[in-house]
Amino acid sequence: MPGHPDPVLTPVEWSPKGEAIAWPEGPGRHKVVVFGGIPDEQARVRVLHRGRHQSHVRFVEAVGRPHPNRRRAPCDRYFVCGGCPVMHLDPPGQERFRLHLVRRELAAAGLDEAALAPGGVWTAEEWDYRHVVKLGVGRSERGRLRVGAFARNTRDLVAVPDCPVVTPALRRAMKVVAHHVIDMDVFPYEPATGRGVLRYVVMRQSRATGHILVTLVAGRSSRLLRALATRIQEGHEAVVGVQLHLNDTEGNAIFAAPDGEGAGFSRLAGQATIEERLLDVRLEVGAGDFFQANPVVADRMAADLREAFADLRDRPVVDLYSGVGGFALVLAKAHGFAIGIERFPGAVERARANARLNHLDAEFLAGPSAELLPRVAQRVKGSGPVVVVDPARRGLEPGVIEGILALEPAALAYVSCGPRSLARDLATFVEAGWKPRRIRAYDMFPNTAHVEMLTVLEPPTPPVPTRRRPRRRRVRPS
Ligand SMILES: C[S@@+](CC[C@H](N)C(=O)[O-])C[C@H]1O[C@@H](n2cnc3c(N)ncnc32)[C@H](O)[C@@H]1O
């Protein structure tokens with residue numbers, strides 16, 4: 001890069017993380033990652049880190065006409081926090097960015113982008129939408145205790161008390177937690193030395209009830225934590241429970257193996273779960289369980305999923321990566337019966353309880369999808385089930401696609417938060433003769449680089465009429 005302290009460059013492409021990429025020395029040579037940049041917009045940038053092969057810079061100002069989709073990011077922590085890398089794009093710009101990410105991955109995997117559903121990206125409110133926050137506990141440069149978000153590309157903590165994308169009640173909860181952690185001098189845990197106590201604070205708010213469940217993630221147990229929990233609960237009327245999760249592992253994972261045996265959650269104050277809702281299904285959600293952070297978009301996806309299988313209501317449902325059972329139970333209501341597979345035993349317990357709570361006929365098996373699919377195949381043999389998968393960002397692990405094909409499904413819906421792994425897995429289904437009929441994109445996390453997708457696939461041959469009902473163990477309503 002030129003020696004000027006604030007060089008000028010023109011990015012040419014997007015990174016998957018929402019930064020703009022420039023190649024000032026020619027394609028494939030020195031890469032410059034521009035936070036706050038936009039491809040095709042000439043900009044003055046400030047160098048943050050200069051490496052041998054790659055530099056990191058941040059946008060300062062447009063040179064000439066600003067990009068038509070540029071706006072001033074309405075958050076004073078935009079550059080330091082980095083949690084919302086495309087907040088500098090207006091909503092149409094963000095939509096174009098997300099569609100571009102999906103199209104690019106489909107094309108790279110040799111797939112036809114015509115499968116993308118018309119109508120763009122489905123989006124809801126772009127502010128106050130986040131119902132989950134994950135905060136770190138550490139110290140500022142001056143050694144002061146701090147509870148905040150991790151800064152972009154570092155482990156430094158940034159206080160984000162006015163974060164515009166979380167719900168107003170969670171904003172207030174963040175302030176209450178930070179106040180009491182600092183007031184009580186609860187030291188941050190240091191994995192290397194084993195000193196200190198608190199590592200992370202995770203909070204989830206239910207859209208259905210407004211209740212908040214707080215999880216204190218600590219490196220070791222301490223009497224201070226119970227006192228802190230009481231203060232947090234007394235300091236915010238929506239906090240109905242505070243859980244403790246012990247995690248003394250090295251590395252940056254918030255939860256120590258949440259899918260392991262006895263995942264290490266215990267109650268410090270109040271309730272252990274909160275009630276959420278997906279469409280008209282009631283769901284108890286625990287502290288370590290996965291549940292969508294944007295319940296409005298989750299509802300829309302569940303409704304689209306139900307609609308996608310509307311002609312196949314006589315078929316049983318198999319839901320892989322079922323979490324606390326949301327999609328499985330919405331579909332069990334329409335189809336009469338569902339089997340879910342989920343690796344985290346705690347979430348399976350909640351899913352079973354949720355089936356009883358809603359008086360629905362559904363079973364949930366605990367373990368990895370690849371391992372349990374053959375057992376499910378025996379159960380649903382000949383019934384031509386409809387299958388839903390909603391894996392983590394890395395997509396379907398080895399053995400899962402073969403296991404799904406062995407079920408001889410009448411249709412498949414793939415819910416994904418990773419355009420690259422989705423495209424890779426779709427390509428494998430396409431090789432097996434399946435047709436992606438419709439890929440719909442959702443803006444689950446406005447202002448971030450995330451995109452959620454629901455793809456409906458049709459089998460190589462039209463579904464045969466159901467020959468038999470699945471073998472089932474009835475779940476008795478409680
Ligand atoms: C993206 S979440 C989806 C959860 C659920 N469908 C929902 O919308 O709430 C992925 C889920 O898969 C589970 N999981 C991860 N790896 C798994 C595996 N190999 N087999 C089964 N479940 C797995 C996680 O514990 C998590 O609950």
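The table that follows gives values for the structure above.
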quantity: Pairs where the first residue, in segment 287-313, is over 13 Å from Leu331 (Cα atoms) and of a type in the set (Lys, Arg) and the second is in a loop (DSSP other than H, G, I, E, B) and away from the ligand (no atom under 11 Å from the Cβ), C-beta under 8 Å, 6+ apart; calculated: Arg300/Ala124
quantity: Residue pairs meeting the criteria (Cβ under 6 Å; at least 6 apart or on separate chains; first of a type in the set (D, E, K, R), in segment 389-407; second more than 9 Å from the ligand (Cβ to nearest atom) and in a loop (DSSP other than H, G, I, E, B)); calculated: Arg393/Gly418
quantity: Subset of segment 359-389 [more than 15 Å from the ligand (Cβ to nearest atom), farther than 19 Å from Trp434 by Cβ and among the hydrophobic types (A, V, I, L, M, F, W, C)]; calculated: Leu360
quantity: Options Ala392, Ala441; residue that is within 12 Å of the ligand (Cβ to nearest atom) and either at pLDDT below 95 or within 21 Å of Ala293 (Cα to Cα) (or both); calculated: Ala392
quantity: Gln205 vs. criteria closer than 23 Å to Val296 by Cβ and either free of Cβ contacts under 8 Å to residues at least 24 places away in the same chain or not aliphatic (A, V, I, L, M) (or both); calculated: yes
quantity: Given (1) within 14 Å of the ligand (Cβ to nearest atom); (2) in a loop (DSSP other than H, G, I, E, B); (3) surrounded by 18 or more Cβ atoms within 10 Å (Cβ to Cβ), number of the condition Ala253 does not satisfy; calculated: (3)
quantity: Test: residue in segment 361-370 that is of a type in the set (Asp, Glu), farther than 30 Å from Leu99 by Cβ and under 19 Å from the mean Cα position of the chain (by Cα); calculated: no
quantity: Count of residues meeting criterion [away from the ligand (no atom under 12 Å from the Cβ) and under 16 Å from the mean Cα position of the chain (by Cα)] in segment 295-340; calculated: 2
quantity: Selection count where residues are over 20 Å from Val133 (Cβ atoms) and either aromatic (Phe, Trp, Tyr) or in a loop (DSSP other than H, G, I, E, B) (or both), scope segment 220-248; calculated: 4
quantity: Enumeration of residues in segment 60-105 that are crowded, with 18+ Cβ neighbours inside 10 Å, in a helix (DSSP H, G or I) and of a type in the set (D, E, K, R); calculated: Glu95, Arg98, Glu105
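Yes/no matrix, rows are residues, columns are (1) of a type in the set (A, V, I, L, M, F, W, C); (2) more than 22 Å from the chain's Cα centre (by Cα):
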{"site": "Arg204", "(1), (2)": "no, no"}
{"site": "Ile212", "(1), (2)": "yes, no"}
{"site": "His245", "(1), (2)": "no, no"}
{"site": "Thr249", "(1), (2)": "no, yes"}
{"site": "Gly270", "(1), (2)": "no, yes"}
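The values are calculated or read from the model by the stated rules, or taken from the named source; none is laboratory data. All figures in this text were calculated on a predicted structure; none of them were measured in a lab. In this analysis, Cβ positions are derived from the backbone assuming ideal geometry, glycine residues included, and neighbour counts consider all displayed protein chains.
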